[in-house]
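Taken together, the values in this text are just the output of simple stated rules run on the coordinates, not laboratory data. All values derive from a computational prediction rather than experimental measurement. Cβ coordinates were reconstructed from backbone atoms using ideal geometry, including for glycine residues, and neighbour counts include every protein chain displayed.
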Amino acid sequence: MNITAVGFDLAKSVFQVHGVDQEGRASVKKQLKRAQVAVFFANLPPCLVGMEACSSAHYWARKFQALGHTVRLMAPQFVKPYVKTNKTDAADAEAICEAVNRPGMRFVPIKSIESQTLLALHRARQGFIKSRVAQTNQIRGLLAEFGIVVPQGARNIEARIPDVLEDAENGLPVNFRQLLLRLLEHSRQLRRQAEEVEAEIKRWHEHNDASRRVAEIPGIGALTASALVASIGDAKAFANGRQLAAWMGLVPRQYSSGGKPKLLGISKRGDKYLRGLMIHGARSVILRAKAKPGYAESWLGRLLARRHVNVAACALANHNARVAWALLAHKRHYRTAYTTAEAA
């Protein structure tokens with residue numbers, strides 16, 4: 001088989017392959033079981049393999065690269081326009097094969113095992129925090145049914161529940177007190193789990209030079225820096241800092257027509273978790289900016305004087321993303337009074 005490009009439709013158990021030759025004619029249309037995938041690509045001459053960047057895509061990408069193939073991952077929304085008919089596995093594989101050969105297609109960087117492991121820690125930490133918030137809200141709701149109102153926040157729950165349990169005059173049944181104690185212990189366990197995972201992330205950050213350099217930027221700490229470095233991988237996969245900011249969804253959406261440009265709010269594309277970390281870090285910088293000398297004449301001070309604080313936070317997050325790209329792509333350290341040669 002003279003195959004030059006392959007579209008590989010990912011699944012859990014049954015995969016679909018669509019291969020074309022140099023002239024674009026279909027050479028193979030095949031359905032593979034999971035155990036047959038590695039054997040099929042091992043016997044295939046080195047070629048271009050396209051996949052959607054979805055579940056297990058990075059695993060298969062690394063596996064195919066080890067077999068000598070060139071692998072390209074694409075966002076599913078970029079592949080969708082190439083589906084010609086109804087949605088089937090065969091039609092999806094053909095669309096992937098067509099999309100990967102387009103010269104203007106945008107590709108997703110392939111993550112290493114280390115990056116995937118670190119991002120798994122981030123997701124697990126976020127899951128523990130979300131579960132703890134849900135648990136504390138449940139405790140507050142149950143107590144409200146008995147006429148006991150506790151302020152919002154996990155700290156208030158952990159501080160006030162012991163007093164509620166010791167109060168013998170609040171009319172709470174014994175069974176309910178035991179339930180509260182069990183729910184409180186579960187909330188504390190979730191907090192401990194989140195703290196342990198966070199400590200592991202910070203240890204990784206301390207031993208990674210790129211993550212430490214990114215953390216030098218005001219508004220970016222150990223968590224944000226480690227998530228950013230693990231998500232980006234090779235910063236040179238992006239042509240410039242604006243591409244990285246656009247990949248994170250921090251640039252304005254456009255609705256331009258007839259030569260009339262119209263900019264809207266930020267696009268909110270890409271990783272919601274990473275974008276949230278960047279914006280929350282920018283908010284922390286804004287809160288402390290007014291106490292610094294020269295605030296009114298600074299870029300941030302002038303921006304806050306004419307725009308809403310939320311707009312300024314997104315703009316600062318966009319700026320920090322571009323600076324992070326420059327530090328990673330050129331292996332530099334952050335400098336507060338940095339100016340380009342052209343500006344100088």
Problem - Virtual paramagnetic centre 7 Å along Cα→Cβ of residue 268, amide N under 18 Å, in segment 235-249 - result: 246-249
Practice task
Would you mind ranking 129, 266, 232 by Cβ crowding within 10 Å, fewest neighbours first?
Solution key: 129, 266, 232
Handout entry: Residue order, fewest to most surrounding Cβ atoms within 10 angstrom, among 92, 163
Key = 163, 92
Handout entry: Shape call, the chain: gyration tensor on alpha carbons, a/c limit 1.5
Key = oblate
Problem - Reachable lysines from residue 29, criterion Cα separation under 27 angstrom, eight or more residues apart if same chain - result: 12, 63, 80, 84, 87
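What share of the DSSP beta bridges in the chain is antiparallel, in percent to the nearest 5? Write down the numbers at each step before the final one.
Working: 16 of 24 bridges.
Antiparallel: roughly 65 percent of the beta bridges in the chain.
Assuming 0.36 nm per residue, please report the length gained on full extension of the stretch residue 299 to residue 335 beyond their Cα-Cα distance. Please report the intermediate quantities before stating the final value.
Details: separation 36, 0.36 × 36 = 12.96 nm, distance 1.57 nm.
Going from the current span to full extension adds 11.4 nm.
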Handout entry: Inter-site label distance for residue 105 and residue 34 at 7 Å from Cα along Cβ, in nm
Key = 2.6
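Are there GluC sites (Glu not before Pro) in segment 122-170 that DSSP marks as loop and that have at most 16 other Cβ atoms within 10 Å, and which are they?
Details: sites: 145, 158, 166, 169; in loops: 145, 169.
Within segment 122-170, the qualifying GluC sites (Glu not before Pro) (loop, at most 16 other Cβ atoms within 10 Å) are 145, 169.
Could you list the trypsin sites (Lys or Arg not before Pro) in segment 224-302 that lie in coil according to DSSP, counting only those with at most 15 other Cβ atoms within 10 Å of their Cβ? Walk me through the intermediate numbers first.
Details: sites: 236, 242, 253, 262, 268, 269, 272, 275, 283, 288, 290, 302; in loops: 262, 268, 269, 290.
Sparse-neighbourhood loop trypsin sites (Lys or Arg not before Pro): 262, 268, 290.
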Exercise for the section: Give a quick list of GluC sites (Glu not before Pro) in segment 4-100 that DSSP marks as loop, anything other than H, G, I, E or B, with at most 13 other Cβ atoms within 10 Å. Expected result: 23
Completion exercise
Toy charge model, Lys and Arg Cβ at +1, Asp and Glu Cβ at -1: the chain dipole around Cα centroid in debye, rounded to 20, equals 940
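Please report 231, 256 as a ranked list, fewest other C-beta atoms within 10 angstrom at the top and most at the bottom.
Details: 231 20, 256 9.
So the ranking, lowest neighbour count to highest, is 256, 231.
Please report the net charge: other residues with Cβ closer than 15 Å to the Cβ of residue 137, K and R +1, D and E -1.
Values: positive: 130, 132, 140, 155, 160, 191; negative: 145, 158.
Computed value for this residue: +4.
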Problem - Listed peptides 7-14, 317-324 by packing density, highest first (mean Cβ within 10 Å) - result: 317-324, 7-14
